[in-house]
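Here's the structure, in structure tokens; my notes come after.
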Amino acid sequence: MEREEDVRLGRVEVLEETVPAEDEELWTGDDGFEHVGWFCVRTDPFPCPAEGCFFIAEFMTAAHLVLVWQERDDPNLLRHAQRAKEVGRNPRIVSYEMSYGPSASYYAWEAAGRPVHGIRR
């Protein structure tokens, strides 16, 4: 039986307030590891879904870090590019360059629990 995922254009759920505990550090991705030559998904610009955040993404990101994959044909990279296509973001798989901004390996992000950023109020 094939599972159909529910993808909706513009649907975002945001917690009322997300504040890390005092001893908890915000996740920043891989420490100093350069991902030049890895692959990422460039998209048409879209706003961060967090309330009050003015960040405009041009790549598939997590916590405002460009998600990168080592292989151009990685199944998870292709799945995320397909989802971006389904919601009208015009995805293109490109080779990551440091000028795109800070990056994080998709698998390191996943292993860290798929963290997203929160906005203090």
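One table, with the values for the structure above:
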{"read-out": "Lone unmet requirement of (1) over 18 Å from Pro115 (Cβ atoms); (2) of a type outside the set (A, V, I, L, M, F, W, C); (3) at pLDDT 90 or above for His80", "value": "(1)"}
{"read-out": "Unique residue being under 12 Å from the mean Cα position of the chain (by Cα), touching a residue at least 24 places away in the same chain (Cβ under 8 Å) and not in a helix (DSSP H, G or I) when the list is Ala104, Ala81, Ala57", "value": "Ala104"}
{"read-out": "Selected residue (criterion: nearest to His80 (Cα to Cα)) from residues of the stretch 31-54 that are among the charged types (D, E, K, R) and part of a strand (DSSP E or B)", "value": "Arg42"}
{"read-out": "Considering residues of the stretch 69-78 that are surrounded by 13 or more Cβ atoms within 10 Å (Cβ to Cβ) and more than 13 Å from the chain's Cα centre (by Cα) only, the residue farthest from His35 (Cα to Cα)", "value": "Leu78"}
{"read-out": "Test: residue in the stretch 84-98 that is surrounded by 15 or more Cβ atoms within 10 Å (Cβ to Cβ), modelled with pLDDT of 90 or more and in a helix (DSSP H, G or I)", "value": "yes"}
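The values are calculated or read from the model by the stated rules, or taken from the named source; none is laboratory data. Since we're looking at a predicted model, the values are computed, not measured. We place every Cβ from the backbone using ideal geometry, glycine too, and count neighbours over all the protein chains shown.
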